[in-house]
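Note sheet for the following structure.
The values are calculated or read from the model by the stated rules, or taken from the named source; none is laboratory data. Since we're looking at a predicted model, the values are computed, not measured. Cβ placement follows ideal geometry from the backbone for every residue including glycine, while neighbour counts extend to all protein chains displayed.
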Amino acid sequence: MLGLGNPGRAYEKTRHNLGAMAVAEAASRHGTSLVPNTRCKALLAEIKLGSEIVALAFPQTYVNNTGQALRGLVRKYPIASPEGLLVVHDELDLPPGVVRVKKGGGVAGHNGLKSIVAFYGSSDFVRIRIGIGRPMASGAIVDYVLAIPPPKERESLIAGVSKAVDAIEEILLNGVEAAMNRFNIR
């Protein structure tokens, strides 16, 4: 499972790092934390959920180059096809804090998703999308996703991260369809 984000203190509280925050919270909920793995170019943790051991990863290659971290992760873990991958990421097309589960589909301009699709040659992976909303000014998307949100919005985003971890657990315990039924209700 990948949580998308950019490494470093400058990015850790930005909208673009919600996926990374979610995998870190998932690790914490299960009594562990993400630790560096240079061969995989990621921070990694393994948790037990049900009868499965699940790898959580926060690539340290920056969002736009997530596919580079996948090379190392695929060597360490048997993720032979995109169907075995779960990606948690920020989503401009959802209001702040709203969580949706999706299987396959387009990348909607998200460079991290583009990098994953380029690596696998397919977009058939499961996504947990955490809404960040759109900026008021249409040309300011990069600045918007890389900005630290104001306190009121941050509360919604942190609640979204917690819901995303609930969605991770639902998918792993009960399947994608169950998670879609639970989290995609309007």
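Of the residues making up the stretch 155-170, those that are in contact with a strand residue (DSSP E or B) (Cβ under 6 Å, 6 or more places away or on another chain) and surrounded by 23 or more Cβ atoms within 10 Å (Cβ to Cβ) are Gly160, Ala164, Ala167.
If only residues of the stretch 42-64 that are more than 19 Å from Ala26 (Cα to Cα) and surrounded by 19 or more Cβ atoms within 10 Å (Cβ to Cβ) are counted, the one that is nearest to the chain's Cα centre (by Cα) is Val63.
When Glu25, Glu46, Glu52 are checked against the criterion of being of a type in the set (D, E, K, R), modelled with pLDDT under 95 and at negative phi, a single residue qualifies: Glu52.
Looking at Ile130, Ile116, just one residue is in contact with a helix residue (DSSP H, G or I) (Cβ under 9 Å, 6 or more places away or on another chain), farther than 24 Å from His30 by Cα and not small (Gly, Ala, Ser), and that residue is Ile116.
Identify all residues within the stretch 65-77 that are of a type in the set (Gly, Ala, Ser), more than 16 Å from Ser123 (Cα to Cα) and under 16 Å from the mean Cα position of the chain (by Cα); write none if there are none. The answer is Ala69, and nothing else.
Looking across the stretch 88-101, the residues that are in contact with a strand residue (DSSP E or B) (Cβ under 7 Å, 6 or more places away or on another chain) and surrounded by 16 or more Cβ atoms within 10 Å (Cβ to Cβ) come down to Val88, His89, Asp90, Glu91, Leu94, Pro96, Gly97, Val98, Val99, Arg100, Val101. Look at (1) in a loop (DSSP other than H, G, I, E, B); (2) within 14 Å of the chain's Cα centre (by Cα); (3) aliphatic (A, V, I, L, M) and you find that Ala80 fails only one, number (2).
May I ask you to verify whether Ala118 is assigned to a helix (DSSP H, G or I) and within 24 Å of Ile53 (Cα to Cα)?
So Ala118 does not fit the description; no.
Consider the stretch 85-142 and keep the residues that are basic (Lys, Arg) and under 18 Å from Pro59 (Cα atoms). The one that is farthest from the chain's Cα centre (by Cα) is Lys114. Among the residues of the stretch 129-186, write down those that are under 19 Å from Tyr11 (Cα atoms), outside any helix (DSSP H, G or I) and among the aliphatic types (A, V, I, L, M). Ile130, Ile132, Ala140, Leu146, Ala147, Ile148, listed by residue number. Remark: pairs (first residue in the stretch 133-153, of a type in the set (Ser, Thr, Tyr); second residue not in a loop (DSSP other than H, G, I, E, B); Cβ separation under 8 Å; 6+ apart in sequence or on different chains) = Tyr144/Arg15.
Return yes when Gly67 is small (Gly, Ala, Ser), surrounded by 14 or more Cβ atoms within 10 Å (Cβ to Cβ) and farther than 21 Å from Leu43 by Cα and no when it is not. The answer is no for Gly67.
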